[in-house]
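The values are calculated or read from the model by the stated rules, or taken from the named source; none is laboratory data. Fair warning: this is a prediction, and the values are worked out from it, not measured in the lab. Ideal geometry is used to build each Cβ from the backbone, glycine not excepted, and the neighbour counts take in all protein chains shown. Note: areas computed on protein heavy atoms with side chains; ligands, DNA, RNA excluded. Shrake-Rupley method; radii C 1.70, N 1.55, O 1.52, S 1.80 Å.
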Amino acid sequence: MFWQKEIETASRSEIEKFQLQMLNDTISRAKKSKFYSKQLENVNIVKNIEQLRELPFTTKEDLRNGFPYGFLTVDLSEVVRLHSSSGTTGNPTVVYHTAQDLQNWANISARCMYTAGARKNDVFQNTMGYGLFTGGLGFHYGAEKLGMMTIPIGPGNSKKQFWFMKNFGTTVVHILPSYALRLYHSMKEDGVDPKKDLKLKIFFIGAEPHTEELRREIQNLYGLKAFNSYGLSEISGPGMAFECPVQDGMHIWEDFVIPEIIDPDTLEVLPDGQEGEFVLTSINRQAMPVIRYRTRDLTRIIPELCPCGRTHRKIARIKGRTDDMMIVNGVNIFPVQIEKTIMNIPQAGKNYIIEIMKKDYMDKLSVKIEINENTFDGTLEDLECLKRKIEAELKAETGVSPTVTFVDQGTLPVTEGKAKRVYDLRQVKDKR
Ligand code: DLL
């Protein structure tokens, strides 16, 4: 059931045949929503997959503008869950699921895990966040579907993590790549050697950009295989593309989504092999399908067939993004969220920069703000109070804990033209 040979090794023409059917079903379903009833007003039936290119794109902005129910295709009574983006700036993007959507998502997640070698007798520890973020619940149900004993431990508390690993013989772990490194070093501090003391075999790593080098390091430190996992909340969450044992690119499950790569400037569809923006059409979603959704992620489709025998095409490791979204320890943040918080505080000047660094293997966000000498004339204690107030507000806004430092007015760099606010000092370089 988890290795669906007929589907996963189907020929290109067979794949296109079922995709066409699913795409047309999706279009007629999507037209029940307020947004697509207008957007697809003149679209009736698509006769071949190529014609997908003629349909308009959907953007994150559209989803925000459609808040709260503009994309919903079913009666609210059919919806059994929602997931939503964090942050309070503007409308969040909210994604709705019917019971069938959750079933389909669990099935595709179970397929990913099976592909990487996880089996019913494995013990699965899920260190991803449970809640509005899709990492936790998404793979939770896939793991249970596969029949693994599932430990819904959630993120953080490293000592507890390896206590569970040791006592319950965890073999498979779902983890952020940045946290995998941090966890290893906590183990080391406590004298735990994962290679000797634990039974770990497989890590699923994803939700944030990481390099091939980092993957290799994780594999070497723990003595296991780490599989890259890609997904986004707008199309369910984790499980959309996943590595097979060949570990050279992630299979996009083409019975769940139709992938395209476009030039982000001209919006032209690019041939397989060329790098551009990843665009996805969900063809197996009920409550809220999206058509030609611009993910803003940069990658390319690998043209060669995979030696594993699966015919669903693969994408290369995600290279970066075409927008300014930052991913800090797996949490998605837009600079505008930080700007809005600062602008609401009169004592803070208007010039600021955001730095992201690595410290103790985790991402650290720091915000340097010029003090406004016209509106701030307090003591050093007042300054400390102000710093804590801004830090608390930034935490409430972004969900991470940034450090605020004040600098004198006029000391931050002033760029000509578009201000450069974000300095990502993590050096995510990529070889693929
Ligand atoms: O991050 C879903 C997920 C959870 C994927 C757990 C994998 C594992 P969002 O919070 O909506 O959903 O963020 C989606 O994260 O557009 C990419 O920019 C980035 N991203 C996700 N997976 C990877 C990956 C989840 N393997 C956004 N490599 C996406 C690089 C990734 N970036």
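For the reader, a short list of remarks on this structure follows.
- Phi-derived couplings, Karplus 6.51 cos²θ - 1.76 cosθ + 1.60 at θ = phi - 60°, listed residue by residue for region 266-276: 8, 6, 6, 6, 9, x, 3, x, 8, 7, x Hz, with x used for Gly and Pro.
- Electrostatic bookkeeping for Asp193 treats Lys and Arg as +1 and Asp and Glu as -1; over the other residues with beta carbon under 13 Å from its beta carbon, the sum is +2.
- Mean residue ellipticity, 222 nm, helices only, the chain: the sum of -39500 (n - 2.57) across DSSP H runs of n ≥ 4, divided by residue count and rounded to 500, is -9000 deg cm²/dmol.
- Other residues lying with their Cβ under 14 Å from the Cβ of Glu391 contribute a combined charge of +3, Lys and Arg counting +1, Asp and Glu -1.
- In order through region 51-65: 3J(HN,Hα) via Karplus (6.51 cos²θ - 1.76 cosθ + 1.60), integer Hz, x for Gly, Pro: 5, 4, 4, 7, 7, x, 7, 10, 10, 4, 4, 4, 4, 5, 5
- For the chain: Kirkwood Rh in Å [reciprocal of mean 1/r, alpha carbons]: 23.1
- The count of lysine pairs in region 1-116 with alpha-carbon distances below 22 Å, taking only pairs 8 or more places apart or on different chains, stands at 10.
- Database remark: amide H of Val404 closer than 5 angstrom to the amide H of Val367 (H placed geometrically; neighbours at sequence offset of 5 or more, or on other chains; Pro and chain starts carry no H).
- Region 316-325 - phi-based ³J(HN,Hα) in whole Hz, Karplus 6.51/-1.76/1.60, Gly and Pro as x: 6, 2, 5, 8, x, 10, 8, 10, 9, 5
- Total charge dipole magnitude, region 35-139, about the Cα centre, Cβ charges on Lys, Arg, Asp, Glu only, Debye to nearest 20: 320
- Under 5 Å from the amide H of Thr98 lie the amide H atoms of Val80, Gln286, Ala287, each residue being 5 or more positions distant or on a separate chain, with H modelled from the backbone and absent for Pro and chain starts.
- The listed peptides 34-40, 314-320, ordered by packing as a protection proxy, come out as 314-320, 34-40 (highest mean of other Cβ atoms within 10 Å first).
- The alpha-carbon atoms of region 289-432 define a convex hull whose volume equals 175 cubic angstrom per residue.
- When a 1.4 Å probe is rolled over the protein heavy atoms, the share of accessible surface on region 126-281 that falls to carbon and sulfur comes to 51 percent.
- The distance separating the Cα centre of region 326-351 from that of region 234-306 comes to 30 Å.
- Remark: relative contact order (the chain) = 14 percent; criterion is Cα-Cα distance under 8 angstrom and separation of 6 or more residues.
- All other residues whose Cβ lies under 13 angstrom from that of Thr411 are scored, Lys and Arg at +1 and Asp and Glu at -1, for a net of -2.
- Region 206-337 - Rg over Rh from alpha carbon coordinates, Kirkwood radius: 0.96
- Per residue solvent-accessible surface (Å²) - the chain, probe of 1.4 Å: 45
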